[in-house]
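This report concerns only the one structure given below.
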Amino acid sequence: MVQFLFKLVLCVLLAVTAAFAYLAIKSGDPLYTFHEWISPARFHQYDRLIRSVALEHHLDLMLVKAVVWRESRFDPKKLGSHGERGLMQVSERAANEWARENKIAGFNLGQLFEAKTNLEAGTWYLRRAMEHWDHQSDPIPFALAEYNAGASRAQRWSGGNGVTDISERQFLQKIDFPATRRYVESIIDRYRFYQHRGRM
């Protein structure tokens, strides 16, 4: 009886794995995750809000969604190991800068667990990082590194103020924080995936 149950469970697992592989192949999506397959609604519930906030801040909505995907997997209540909060894992410092610059009266950090507030603050911060790097032919990897590790580190990895344009590959090679390098690469991969699909 135990052997029969073991074989039955094994067959079910193989069938689920085969179905998942078929779905990934059919969708042409090498990044299609198990969680997206099991719970697709979770990965689209903020699409309208992301679109609205991204357009307001003049950012590609697919890039913003890729950041949300990497930072929180669309969990608005996520609390990071250094106190980052919500969908875009906004830090206390970044949130306070956003609130001050935008004259948000009565702001408190608990509001970062509200999807709209978090997306507003995170997208504002990402837009500012993009503006820092608009002299690069592709500012995205530089802005993502800044979003993750701070402006001074991103500046150091870029070679300093005297360097006007280096390739994404050269920049990534200079990032000496493996976690930040993986962070930037994973968001760029997800961003390109959304672009290839033509939708979020």
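Values computed for the structure shown
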{"item": "Subset tally (residues that are among the hydroxyl-bearing types (S, T, Y) and farther than 20 Å from A54 by Cα) for the stretch 73-106", "result": "1"}
{"item": "Test result for L59, closer than 22 Å to R197 by Cα and outside any strand (DSSP E or B)", "result": "yes"}
{"item": "Residues (more than 13 Å from the chain's Cα centre (by Cα) and buried (at least 18 other Cβ atoms within 10 Å of the Cβ)) located in the stretch 58-70", "result": "L59"}
{"item": "Residues within the stretch 74-115 that are at positive phi and surrounded by 15 or more Cβ atoms within 10 Å (Cβ to Cβ), tallied", "result": "3"}
{"item": "Residue identified as small (G, A, S), free of Cβ contacts under 8 Å to residues at least 60 places away in the same chain, under 26 Å from E92 (Cα atoms) and in contact with an Asp or Glu (Cβ under 8 Å, 6 or more places away or on another chain) among A143, A179, A151, A129", "result": "A129"}
{"item": "Residue in the stretch 158-168 that is within 25 Å of W69 (Cβ to Cβ), charged (D, E, K, R), surrounded by fewer than 21 Cβ atoms within 10 Å (Cβ to Cβ) and in contact with a helix residue (DSSP H, G or I) (Cβ under 6 Å, 6 or more places away or on another chain) present", "result": "yes"}
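Values in this text are rule-based calculations from the coordinates and carry no lab data. Model, not experiment: these values are computed from the prediction. All Cβ positions, glycine included, derive from the backbone under ideal geometry; neighbour counts span all protein chains shown.
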